[in-house]
Structure formats: C-alpha cells, structure tokens
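Everything below concerns the one structure shown next.
The values are calculated or read from the model by the stated rules, or taken from the named source; none is laboratory data. Model, not experiment: these values are computed from the prediction. Cβ atoms come from the backbone with ideal geometry, glycine included; neighbour counts cover every protein chain shown. Calculation scope for accessible area: heavy atoms of the full protein, side chains included, ligands and nucleic acids excluded. Shrake-Rupley method; radii C 1.70, N 1.55, O 1.52, S 1.80 Å.
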Amino acid sequence: MNLLPIQDEKFPFLVIDNFYSKENLNLIWKELDFLIDKVRPEDKVVAQRDGKPLASVKRVYLDTLYNDRKTSNILEFFPSQLYNDEIRDTYVDLVPSGINFATSNYDSTQLSYYENKDGYKPHTDVFQHTALTWLFKEPKKFEGGDLVFTQSNTKVDCMYNRTVLFPSWYYHGVTQIKMNDEDLNKGFGRWAITHFINFKTFMMEVT
C-alpha cells in the first residue's frame, strides 16, 4: 500500500493506492463477477434534493445480502486492510475528527456499479467516515468516475485499487461516466466498494 495524505487546510483526506494485494483482488473479482446481476437501481434510497435522486447508479448492500460476513471476500478482507496501525495513525494525525475513526465500532458496506451516463451529484453521507475503493476491468473502458470534493474544489482521479478515506460530512460527488456502446452491459464499468464507518452507542436495558 502507498499512503498519500492530502493536507488541505480545511478538508484533508487520505488516499491509499494499491489498497488490496493481488491475491485479495483475485478473490474479490470472483465475488464482483457473481454480484454483477445483484446490483440494481435504487433511486428511493440515494440522497435526494427537491424530491429528485442525486445519483444514477446500481448498488447492493452487502450486509443485507450476506448473513455471515465470512462468506464475503469483500467483507472479510475489509477490517484488516483498513484498520491497520499505519492507516489509523496517519488518518488520526491528518484529520481533526480522525480520532472517531480510531474508536469506531460499526460499519456498513455498499457495492455500487456505474456505467455510461451514471454519476452522483454532490452530497454528504450520514456517517462519521467514508472509505471508497475503486475497481474496474483493465484496460479501462470508461472516462470519468472521478471523486470531487466540492468545498475544496479537489478532484481525485479514479484509479484502479485506489481507496479514499474522508469524513462523511465532506460534500463529495462522482463525475459522469462515459463509455462506448459496445462496452456496455459487459461488466466494464466502475465498481465502488463503500464502507460507511461510525461509532454506535449501545443502550443497555436496566431492569
């Protein structure tokens, strides 16, 4: 892994290149090929503005799809990859609210797939921290799909096996995908594995 701290004065974030190993990627791709028929448009659950969805994208929530996390390579590999000492220490030093990441005890994972004309207008996530990982079949068959932080006017290029970790309250969007017609419906689009990270308070019942 290669950690690239982006030290913006107000909106710092962490880029992690080569996030997964080749061995992990081989297993993750087997899962993605299986899940390509599971991702569906879900306009009702994406962020909205004035009653209209901000995104055009297909997605599936892995935590509801699998009863046991160990049956998913994506969910099984995620904790050890993201919650290691190097990433944690770098992020805590970089981001003022990073201490919440270090003490998090809850996460939810969403798998999104983008093809031609898909994108996501600027929005925030209702969690404390968001980790995005991009995958696509090589050679790359699309343009766009970059992450844009609108408050700092910062663009992060969509690169293979790149992860971006940032506070969920940052306004962020995805630039529209452009693909040739002959490449559509073949799994050549942009995959995004999104881990939403939070600290969940558990209430104890007193009797």
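With both labels modelled 7 Å from their Cα along Cα-to-Cβ, the TYR61 to LYS30 distance reads 2.8 nm. To the nearest 10, the accessible area of PHE199 is 100 Å² with a 1.4 Å probe. Among rounded, prolate and oblate, which fits the chain when a ≥ b ≥ c are the square roots of the eigenvalues of its C-alpha gyration tensor, a/c under 1.5 means rounded, and a/b larger than b/c means prolate? Rounded is the answer for the chain, as its axis ratio a/c remains below 1.5.
Electrostatic tally near PRO167: other residues with Cβ closer than 14 Å to its Cβ, Lys and Arg +1, Asp and Glu -1, net -1.
Would you mind classifying the range 68-161 by shape? Square roots of the alpha carbon gyration tensor eigenvalues, ordered a ≥ b ≥ c; an a/c under 1.5 is rounded, otherwise it is prolate if a/b is larger than b/c and oblate if not. Write out the running numbers ahead of the final one.
Details: a/c = 1.84, a/b = 1.25, b/c = 1.47.
Since a/c reaches 1.5 but b/c is at least a/b, the shape of the range 68-161 is classed as oblate.
In straight-distance terms, cross-link reach from LYS30 covers every one of the lysines whose alpha-carbon lies under 24 Å from its own, apart from those fewer than eight places away in the same chain; here that gives LYS22, LYS38, LYS58, LYS70, LYS137, LYS140, LYS141, LYS186. Based on the alpha-carbon gyration tensor of the range 148-193 and its eigenvalue square roots a ≥ b ≥ c, which shape applies: rounded if a/c is under 1.5, prolate if not and a/b is larger than b/c, or oblate? Cα axes put the range 148-193 in the prolate bin.
Neighbours of PHE101 by Cβ distance under 15 Å: Lys/Arg scored +1, Asp/Glu scored -1, total -4.
Could you report the range 106-206's accessible area per residue, 1.4 Å probe, as an integer in Å²? I get 47 Å² per residue for the range 106-206. Averaging the Cα positions of each part gives two centres, and for the range 1-31 and the range 110-175 these lie 12 Å apart.
SER21 contributes an accessible area of around 50 Å² to the protein surface, as traced by a 1.4 Å probe with all chains present.
Among TYR20, TYR114, TYR66, determine the one that fluctuates most according to a GNM of the chain built with springs between C-alpha atoms less than 10 Å apart. Result for the chain, Cα springs under 10 Å: TYR66 fluctuates most.
The amide H of VAL57, built 1.01 Å from its N in the peptide plane, has GLU42 as neighbours under 5 Å, considering only residues 5 or more places off or on other chains. Across the range 135-148, rounded Karplus estimates of 3J(HN,Hα) from the backbone phi angles (6.51 cos²θ - 1.76 cosθ + 1.60, θ = phi - 60°) give 9, 6, 6, 9, x, 4, 10, 8, 10, x, x, 7, 8, 10 Hz, Gly and Pro being marked x. When only Cα pairs below 8 angstrom with a gap of at least 6 residues are kept, the range 66-207 shows a relative contact order of 35 percent.
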